[in-house]
Amino acid sequence: MVVAVGAPLSAPRGGTGERACDEAVARRGVPPRPGHPEVGRLRDLLQELPLFAPRAEGQEGGVGEGSYQDFPLFETHPDALFCALQGRRLPAGRHPLGMQLRIGELEDDHVLDEGGDLWHRRAEEVDAAGCALGAHRYAVGHASWLGDPDEAVLVLPGSSIPEEFPREGVLPPVERLQLPPVTD
C-alpha cells in the first residue's frame, strides 16, 4: 500500500513563513497549497505509516527504488504533480482548459474511472486521481523529491524536477474585442 496526500502534512518550522518544499514549487511557478485542519486528522489516522524521508543530502533528489516499502506515506502537491507530468505549467485546475489537460493526462496514463467518467468528477476528485497516479510512479521508483529533509519534502513524478515549469503556452492567445463605451 502507498498513500499520497495532496496537502501539507506539516507546518513550517517555527510556525512562520513557508516550508522549503513550498518555496521550491513556488520558484517553479506553482503556488503552495494552504494547510487544512482535516489533514491533521488524516495524518493522525495514518500515524502508523512512516512518512517518506529521503536518505540523501541537499534540497532535492530522486526517490530510491523500493522506498515505498520503508515509507508508504508521502506528501505531494496536485498542481505541481500535473505540471511535472506535463513538463510545463498548466492553467489552474478551476479553468476549463486546466481541467481538460489534467483529465487528458490521466487518460493518457490509462487511469480508469470505473465509477463513471473522469469528466463527471469534481476538481478535487481529479486531483485525487492525480495523486493516485503519483503514488504509482513513487511505487515503481519513477519519482523525485524536493524540500528540506529535516522539515518536509514533496514527491513528484519523474526522474528529475525541472528548475522551472515553462509558462509559455499555458493559455492559448484569445482575441479580445473592445466593447463600445456605454453611453446614456
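If the requirement is being over 22 Å from Arg167 (Cα atoms) and of a type in the set (Gly, Ala, Ser), which of these qualifies: Gly104, Gly61, Gly93, Gly29?
Details: Gly104 fails: over 22 Å from Arg167 (Cα atoms); Gly93 fails: over 22 Å from Arg167 (Cα atoms); Gly29 fails: over 22 Å from Arg167 (Cα atoms).
The unique qualifying residue is Gly61.
Pick from Gly40, Gly35, Gly64, Gly58: which is free of Cβ contacts under 8 Å to residues at least 24 places away in the same chain and either assigned to a loop (DSSP other than H, G, I, E, B) or closer than 22 Å to Leu106 by Cβ (or both)? Walk me through it before giving the result.
Values: Gly40 fails: either assigned to a loop (DSSP other than H, G, I, E, B) or closer than 22 Å to Leu106 by Cβ (or both); Gly35 fails: free of Cβ contacts under 8 Å to residues at least 24 places away in the same chain; Gly64 fails: free of Cβ contacts under 8 Å to residues at least 24 places away in the same chain.
Going through Gly40, Gly35, Gly64, Gly58 in turn, the sole match is Gly58.
Closer than 19 Å to Arg27 by Cβ, under 17 Å from the mean Cα position of the chain (by Cα) and crowded, with 19+ Cβ neighbours inside 10 Å, is that true of Ile103? I'd like the intermediate steps shown before the answer.
Numbers: closer than 19 Å to Arg27 by Cβ: no; under 17 Å from the mean Cα position of the chain (by Cα): yes; crowded, with 19+ Cβ neighbours inside 10 Å: yes.
It is false that Ile103 is closer than 19 Å to Arg27 by Cβ, under 17 Å from the mean Cα position of the chain (by Cα) and crowded, with 19+ Cβ neighbours inside 10 Å.
For segment 151-163, does any single residue satisfy the condition of being of a type outside the set (Gly, Ala, Ser), out of contact with any strand residue (DSSP E or B) (no Cβ under 9 Å at 6 or more places or on another chain), surrounded by 12 or more Cβ atoms within 10 Å (Cβ to Cβ) and in a loop (DSSP other than H, G, I, E, B)? Even if it seems obvious, please write down each step before you answer.
Within segment 151-163, the first condition is being of a type outside the set (Gly, Ala, Ser), and the residues that meet it are 151, 153-157, 161-163.
From what's left, out of contact with any strand residue (DSSP E or B) (no Cβ under 9 Å at 6 or more places or on another chain): 151, 162-163.
Subset that is surrounded by 12 or more Cβ atoms within 10 Å (Cβ to Cβ): 151, 162.
Next cut, in a loop (DSSP other than H, G, I, E, B) only: 151, 162.
Yes; the residues of segment 151-163 include at least one that is of a type outside the set (Gly, Ala, Ser), out of contact with any strand residue (DSSP E or B) (no Cβ under 9 Å at 6 or more places or on another chain), surrounded by 12 or more Cβ atoms within 10 Å (Cβ to Cβ) and in a loop (DSSP other than H, G, I, E, B).
I need every pair where a residue in segment 12-31 that is on the phi > 0 side of the Ramachandran plot has its Cβ under 7 Å from the Cβ of a residue that is part of a loop (DSSP other than H, G, I, E, B) and of a type in the set (D, E, K, R), sequence separation at least 6 or different chains.
Taking only residues 6 or more apart or on different chains, the pairs are Gly29/Arg89; Gly29/Glu164; Gly29/Arg167.
Consider segment 43-55. How many of its residues are in contact with a Leu (Cβ under 8 Å, 6 or more places away or on another chain), closer than 21 Å to Gly147 by Cα and in contact (Cβ under 8 Å) with a residue 24 or more places away in the chain? Even if it seems obvious, please write down each step before you answer.
Restricting attention to segment 43-55, the residues satisfying the condition of being in contact with a Leu (Cβ under 8 Å, 6 or more places away or on another chain) are 43, 46, 49-52.
If we keep only those that are closer than 21 Å to Gly147 by Cα too, we end up with 43, 49-52.
Now restrict to residues that are in contact (Cβ under 8 Å) with a residue 24 or more places away in the chain: 43, 49, 51-52.
The total comes to 4.
Could you tell me whether any residue of segment 35-58 is among the aliphatic types (A, V, I, L, M) and crowded, with 19+ Cβ neighbours inside 10 Å? Walk me through how you get there before you give the answer.
Residues of segment 35-58 that are among the aliphatic types (A, V, I, L, M), as a first pass: 39, 42, 45-46, 49, 51, 53, 56.
Applying the additional criterion that residues be crowded, with 19+ Cβ neighbours inside 10 Å yields none.
Scanning segment 35-58, I find no residue that is among the aliphatic types (A, V, I, L, M) and crowded, with 19+ Cβ neighbours inside 10 Å, so the answer is no.
A short reminder: the numbers here are calculations on the coordinates, not readings from a lab. The structure displayed is predicted, hence computed values, not measured ones. Neighbour counts run over all protein chains shown; Cβ positions are idealised from the backbone, glycine included.
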